Amino acid sequence: MGRLDNKICIVTGGNSGIGKKTAEIFLKEGGKVVIAARRKDENDKTVSELSQFGEISAVEADLTKMEDCKKVVDYTADKYGRIDVLVNNAGIADKHKPINLCEEDWYDYVCKIDQYSVYYMSKYALVHMEKQKKGSIVNISSIGSQGVAGISYSAAKAAVNAMTKNIAIYYSATDIRCNAVAPGPTPTPLNAPEAAATFNADFAALCGKHIDISLPEAQTEDQALACLYFASDESKAVTGQILYVDHGTTMY
């Protein structure tokens, strides 16, 4: 306990799934958390549920929009005077559409959420991390970054990996770090049965031949604990790393 004492943490997409569990664990470890997501009702519900563990607030924001990302960062900096940790978790599944079935507007939509939000949020948060000369960015990537997902999701998550390393290189001589957690199959609303029913079954099955889907699923807590490691000072010498949390699914 106490690994994030008084650290100011932003968690995007923090009202469900991996983001919500990350917010909970950060609070239990002493962090003060701002979640950012579009659904106000879910934001309010999450704040109500998790406030028993510590100080948490929410900002209603569409993270595909640069101005909304800036709003989240400005709110946090105005409220607390600093930003210590940014977890770029907001994302959407892409229905496993292969390139010949992926419409341009769908490709753009997935990339705006899964890729551009990481760019926008990091760009604005780094302004404050540079001032305080310390900070940790944790990006949520995916095993899909290896191509075993739809074309838009694979491209966006591969870009997240590249941005992670690029940011880490630029700040490698400082105490500002950037790492990524790459979840394997993890039960969340994004891949609940009703969501999975909308996926392209043929391409999903084809992708499944290139990973070991017989292995156990990781849980949201597993992903959140990986985020905690990168957010805490325990990883102060670690930057530019992609940590696959997938029970070895991609070692197949």
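The values are calculated or read from the model by the stated rules, or taken from the named source; none is laboratory data. Because the structure is predicted, anything quoted here is derived from the model rather than measured. Don't worry about glycine lacking a Cβ; one is built from the backbone with ideal geometry, like all the others, and counts go over all protein chains shown. For accessibility, only protein heavy atoms count, side chains too; no ligands or nucleic acids. Shrake-Rupley method; radii C 1.70, N 1.55, O 1.52, S 1.80 Å.
Using a Förster distance of 25 angstrom, determine the FRET efficiency expected from the C-beta separation of Lys133 and His247, and round it to 0.05. It comes out at approximately 0.10.
Residues in the stretch 85-90 carry Karplus couplings, in order, of 9, 10, 10, 8, 9, 3 Hz; the curve used is 6.51 cos²θ - 1.76 cosθ + 1.60 with θ = phi - 60°, and Gly or Pro positions show x. Between Ala196, Ala158, Ala226, the residue with the greatest mean-square fluctuation in the GNM of the chain (Cα pairs under 10 Å linked by springs) is Ala196. When the P(r) is computed for the chain, the part past 29 Å accounts for 24% of the Cα-Cα pairs. Note: relative contact order over the stretch 111-217, using C-alpha pairs below 8 Å and six or more positions apart, is 29 percent.
Principal-axis analysis of the Cα atoms of the chain puts helix 151-170 at an angle of about 30° to the longest axis. Choose one answer from Thr164, Thr12, Thr186: the residue with the largest mean-square fluctuation in a GNM of the chain with alpha-carbon springs under 10 Å. Answer for the Gaussian network model of the chain: Thr186. Between Glu60 and Leu225, the contour length at 0.36 nm per residue exceeds the Cα-Cα span by 56.9 nm.
Between Gln52 and Ala197, what's the calculated FRET efficiency when r is the beta-carbon distance and R0 is 30 Å? Round to 0.05.
Working: r = 35 Å, r/R0 = 1.16.
Efficiency, from the Cβ-Cβ distance: 0.30.
Compute the acute angle (0 to 90°) between the alpha-carbon long axis of helix 17-28 and the principal axis of greatest extent of the alpha-carbon atoms of the chain; round to the nearest 10°. Between helix and principal axis, roughly 20 degrees. Over the stretch 63-147, the Kirkwood radius and the radius of gyration, each from Cα atoms, give a ratio Rg/Rh of 1.06.
Using the Cβ-Cβ distance between Ala205 and Asp105 with R0 = 25 Å, the FRET efficiency computed as 1/(1 + (r/R0)^6) comes to roughly 0.45. Going by accessible surface with a 1.4 Å probe and the largest first, Tyr119, Tyr171, Tyr80 read Tyr119, Tyr80, Tyr171.
Split the accessible area of the stretch 196-252 by element, probe 1.4 Å, and carbon with sulfur accounts for 57%. Which of these, His128, His96, His210, has the largest mean-square fluctuation under a Gaussian network model of the chain (Cα springs below 10 Å)? Between His128, His96, His210, it is His210 that shows the largest mean-square fluctuation.
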